[in-house]
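To start, the structure itself, in structure tokens.
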Amino acid sequence: MPRESKRARAERAAEVFNLLVEEYPDARCALLHADPYQLGVATILSAQTTDERVNMVTPILFERYPTPDRLAAARPEEVEDIIRSTGFFRNKTRNIIGFADGVTELHGGDVPSAMKELTALPGVGRKTANVILGNVFGIDEGVVVDTHVKRLSNLLAFTNEKTPEKVERDLMALFPEERWTLLAHLLIFHGRQVCIARRPKCEACVMSHLCPSSRV
């Protein structure tokens, strides 16, 4: 496509956002959770698996370990048995127990609401911290960049970066702060339902006329 000015890209981005809001008015975090602790654990478990799979195991996990202190004191092999189907279960067990222990020992059982404190906890990177901050604390600290967000951002020419950190930086510069959390949900919903990686439904896409990668 012809070289696009920053202003033109920002205007196109705003149009894309508005169209996606109309298309997915119920876009939200798909991980089932009742509080910051549950969302933190669920997000850590969601690596390299589907939200649906995580939602199958977390009700059992949280019934057994309803609070961070209970999970922090859990026997690893018992946790592994519960979360085994999510994949990489040994590493995830270490991470969620470490997360729970950090919340218990460093923050009195309350998940912190600051990026610096969250990312200091075991198993919590910037993506997980953004999920927690945006979805339970209402803080737009950044944009959650998962595989869908990264892929669609490149297809839409909102960025040409490949690493999540750099993609997030470009999206934060392109969209108003108050849209950062919802933006990720919208792109994830669209990536799952229409802009599917191996079989994109460009003919059914509400923003195909705004997408440089559209095949229609």
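Just the accessible area per residue of the chain, please: how many Å² with a 1.4 Å probe? Write down the numbers at each step before the final one.
Numbers: 11260 Å² over 216 residues.
Accessible area per residue: 52 Å².
For segment 1-74, give the magnitude of the charge dipole about the Cα centre (Cβ charges: +1 Lys/Arg, -1 Asp/Glu; no others), in debye to the nearest 20.
Working: 9 positive and 11 negative charges, 78 e Å.
For segment 1-74, the charge dipole is close to 380 debye.
Among N55, N135, N91, which one moves the most in a GNM of the chain with springs linking Cα atoms closer than 10 Å? Judging by the Gaussian network model, the answer is N91.
Taking the chain as a Gaussian network, where each spring joins two C-alpha atoms under 10 Å apart, which residue of T104, T43, T93 fluctuates the most? Ranking T104, T43, T93 by mean-square fluctuation puts T104 first. Placing a label point 7 Å from the Cα of N91 along the Cα-to-Cβ direction, the residues of segment 120-146 with a backbone N closer than 18 Å are 121-129, 146.
Roughly how big is the chain's charge dipole about its Cα centre, with Cβ charges of +1 (Lys, Arg) and -1 (Asp, Glu), in debye to the nearest 20?
Values: 28 positive and 29 negative charges, 213 e Å.
Here the size comes out at about 1020 debye.
Working note: 222 nm ellipticity from helices only, DSSP H runs with n ≥ 4, each -39,500 (n - 2.57), summed and divided by the residues of the chain, gives -17500 deg cm²/dmol to the nearest 500.
Once R0 is set to 45 Å, what does the formula 1/(1 + (r/R0)^6) return for the Cβ-Cβ distance between R215 and E177, expressed as a FRET efficiency to the nearest 0.05? With R0 = 45 Å, the Cβ-Cβ based efficiency is 0.85. Report the one residue of G98, V143, I82 whose Cα lies farthest in the direction of the positive end of the charge dipole of segment 82-184 (charges on C-beta: Lys and Arg +1, Asp and Glu -1; origin at the Cα centre). With unit charges placed on the Cβ atoms, the residue in question is I82.
Accessible area per residue was computed with a 1.4 Å probe on protein heavy atoms; C202 scores about 20 Å². Given the C-alpha centroids of segment 1-53 and segment 145-216, what is the distance between them in whole angstrom? One Cα centre to the other: 9 Å.
Could you tell me the relative contact order of the chain? Use alpha-carbon pairs under 8 Å, at least six residues apart, and round to a whole percent. Each step should come with its number before you reach the end.
Numbers: 266 pairs, mean separation 45.7, N = 216.
Relative contact order comes out at 21 percent.
E77 exposes around 80 Å² of accessible area when a 1.4 Å probe is run over every protein chain in place.
Between P176, P25, P36, the residue with the greatest mean-square fluctuation in the GNM of the chain (Cα pairs under 10 Å linked by springs) is P25.
Accessible area of segment 161-216 with a 1.4 Å probe: how many percent of it is carbon plus sulfur? Its accessible area is 53 percent carbon and sulfur atoms.
The values are calculated or read from the model by the stated rules, or taken from the named source; none is laboratory data. Predicted model, so just to flag it, every value in this text is computed and none were measured. Every residue, glycine among them, receives a Cβ derived from its backbone with ideal geometry; neighbour counts consider all protein chains shown. We work out accessible area using only protein heavy atoms, side chains counted, and drop any ligands, DNA or RNA first. Shrake-Rupley method; radii C 1.70, N 1.55, O 1.52, S 1.80 Å.
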